[in-house]
Amino acid sequence: MIAFDLALAAGILLCAVSALTRRDRTASVAAFMVLGLLVALSWVRLAAPDVALAEAAIGAGLTGALFLRAARRLGPLRPAAGRTLAVPAALVASGLGGGLAWVFASASPPAIYAPLVAASLPESGVSNPVTAVLLNFRAWDTLLEIAVLVVALLVANLLGSRRLVPVSLGEMTLPFARIVAPISILLAGHLLWQGSSAPGGAFQAGAVLAGGLLALVLAGLAPTGTLVVRGALIAGLSGLAVFLIAALGSEALTGSLLGYPNRAEKVWIVAIEAALTLSIAATLCLLFTGFEKRKTS
Amino acid sequence: MTTLPSVLGTGLIAAGVGFLAVAAIGFWRLPDLLSRLHVLTKADTAGLSLVALGAACLTGTPASILPLGLCVLLTAISGATVGHLVARSVTPRGGRS
């Protein structure tokens with residue numbers, strides 16, 4: 001397998017170079033998306049399927065879609081643009097890379113955290129250690145991550161990004177959207193439920209659901225009225241609201257913030273994750289489609 | 001263990017990888033976008049289906065066959081649709097309208 005790993009690492013580096021050196025934005029984004037998929041594959045090789053799922057769905061898929069949309073809005077690359085920044089950027093990047101390499105080389109083996117998680121896993125209510133950490137032991141971190149997503153949504157809304165008006169893609173895309181959208185809903189539910197015992201969870205499920213919704217939007221099958229956008233905005237904000245209510249509720253019930261009541265941990269975790277899934281899907285969709293009604297590409 | 005399913009599975013995966021290799025070579029060697037699309041969409045779908053069939057033979061459990069089938073279905077339909085859209089974007093007036 002060492003040959004495969006080496007080829008994978010070389011492929012990742014090649015994609016990164018290609019993404020940085022292309023003079024065409026679309027080609028750069030395509031290289032970035034392939035990079036994301038290869039990185040996801042490397043997470044699988046590192047035995048981190050949760051990260052691999054998130055990287056494939058969010059890192060490669062939805063970030064790539066957002067980049068493509070931004071690239072379309074920015075227009076073609078100016079010939080000499082970015083040359084002056086190349087040297088400082090290379091310095092910063094190699095400094096960061098060197099720092100990470102140094103930390104990695106000097107760090108003691110990560111023997112502290114994993115056994116601790118494994119020892120307290122039965123108390124968490126779920127059997128997937130990643131979900132136990134994200135939604136129970138370190139739920140506070142996840143709460144703040146969702147707050148970051150809400151801030152992104154609000155800033156995009158304030159800046160008034162123009163709403164996407166999908167051009168007709170023809171009848172051939174209709175069967176695609178009609179098959180992909182229901183499957184993405186099923187898959188999101190599956191990932192959400194599976195998250196408590198196996199790789200999966202709210203972020204992966206939300207990204208998959210957003211992908212299915214975007215297929216509907218791009219095929220022109222989804223309603224895009226102002227009411228729908230407002231509803232999606234409320235759905236996007238609701239994840240943080242539910243999480244906060246859960247935090248305050250657990251504070252009232254057990255006396256510790258996000259310390260769920262005994263033996264009901266799984267119900268709390270799955271309920272929070274379900275709200276987060278919808279909210280993440282709505283947020284990612286809105287970031288792609290934009291908010292204000294103005295004709296644009 | 002050289003049982004019939006394992007031999008069959010390995011053979012199918014090898015055939016699928018062969019199809020994918022032909023698709024890659026075709027993508028590299030063919031001159032223009034439409035012929036490249038032609039080789040990618042067909043050979044990719046066939047190659048992936050064969051690999052999935054081989055993997056299903058190797059594992060042999062219904063729980064693994066369902067996701068593999070779903071992979072094949074999704075790749076086939078998205079490959080065909082994206083191929084159509086790319087071809088449509090280069091033909092005049094967005095295809096025959």
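List of remarks:
- Residues of the range A:157-187 that turn out to be assigned to a helix (DSSP H, G or I), crowded, with 16+ Cβ neighbours inside 10 Å and more than 14 Å from every other protein chain (Cβ to nearest Cβ), as a count: 1
- Within the range B:44-63, the set of residues being surrounded by fewer than 16 Cβ atoms within 10 Å (Cβ to Cβ) and under 22 Å from A:Pro182 (Cβ atoms) comprises B:Pro62, B:Ala63.
- Of the listed requirements (1) touching an Asp or Glu at 6+ places or on another chain (Cβ under 8 Å); (2) open to solvent by 20 Å² or more (accessible area, probe 1.4 Å), A:Leu135 misses just one: (2).
- Criterion violated by A:Val228 - all others in (1) over 19 Å from B:Val82 (Cα atoms); (2) among the aliphatic types (A, V, I, L, M); (3) within 21 Å of the chain's Cα centre (by Cα) satisfied: (3)
- Consider the range A:255-272 and keep the residues that are open to solvent by less than 60 Å² (accessible area, probe 1.4 Å) and in a helix (DSSP H, G or I). The one that is modelled with the lowest pLDDT is A:Glu265.
- Condition check for B:Ser6: under 18 Å from the mean Cα position of the chain (by Cα), farther than 21 Å from A:Leu169 by Cβ, among the hydroxyl-bearing types (Ser, Thr, Tyr) and away from chain A (no Cβ under 14 Å): no
- Failed item, numbered, when A:Ala152 is tested on (1) within 19 Å of A:Ala222 (Cα to Cα); (2) open to solvent by 20 Å² or more (accessible area, probe 1.4 Å): (1)
- Residue list for the range A:31-56, filter: in a helix (DSSP H, G or I) and without any contact (Cβ under 8 Å) to a residue 12 or more places away in the chain: A:Val44, A:Val51
- Among (1) under 16 Å from A:Val270 (Cα atoms); (2) more than 14 Å from chain B (Cβ to nearest Cβ) - the single one A:His190 does not satisfy: (2)
- Residue selected from the range A:31-43 under the condition within 18 Å of the chain's Cα centre (by Cα) and among the aliphatic types (A, V, I, L, M), by the criterion least open to solvent (accessible area, probe 1.4 Å): A:Ala40
- Residue in the range A:195-204 that is surrounded by 17 or more Cβ atoms within 10 Å (Cβ to Cβ) and within 14 Å of another protein chain (Cβ to nearest Cβ) present: yes
- Residues that are open to solvent by 50 Å² or more (accessible area, probe 1.4 Å) and polar (S, T, N, Q), drawn from the range A:242-254: A:Thr254
- Scanning the range A:220-234 for residues that are modelled with pLDDT under 85 and either buried (at least 24 other Cβ atoms within 10 Å of the Cβ) or small (Gly, Ala, Ser) (or both) yields a total of 3.
- Residue identified as free of Cβ contacts under 8 Å to residues at least 12 places away in the same chain and either within 17 Å of the chain's Cα centre (by Cα) or within 14 Å of chain A (Cβ to nearest Cβ) (or both) among B:Leu73, B:Leu48, B:Leu40: B:Leu73
- Residue among A:Arg78, A:Arg72 that is surrounded by fewer than 16 Cβ atoms within 10 Å (Cβ to Cβ) and either of a type outside the set (Lys, Arg) or part of a helix (DSSP H, G or I) (or both): A:Arg72
- Counted residues, the range A:214-254 - those being in contact (Cβ under 8 Å) with a residue 12 or more places away in the chain and in a loop (DSSP other than H, G, I, E, B): 4
The values are calculated or read from the model by the stated rules, or taken from the named source; none is laboratory data. Keep in mind that this is a model prediction, so the values were computed, not measured. Cβ coordinates were reconstructed from backbone atoms using ideal geometry, including for glycine residues, and neighbour counts include every protein chain displayed. The accessibility values were calculated without ligands, DNA or RNA, using every heavy atom of the protein model including side chains. Shrake-Rupley method; radii C 1.70, N 1.55, O 1.52, S 1.80 Å.
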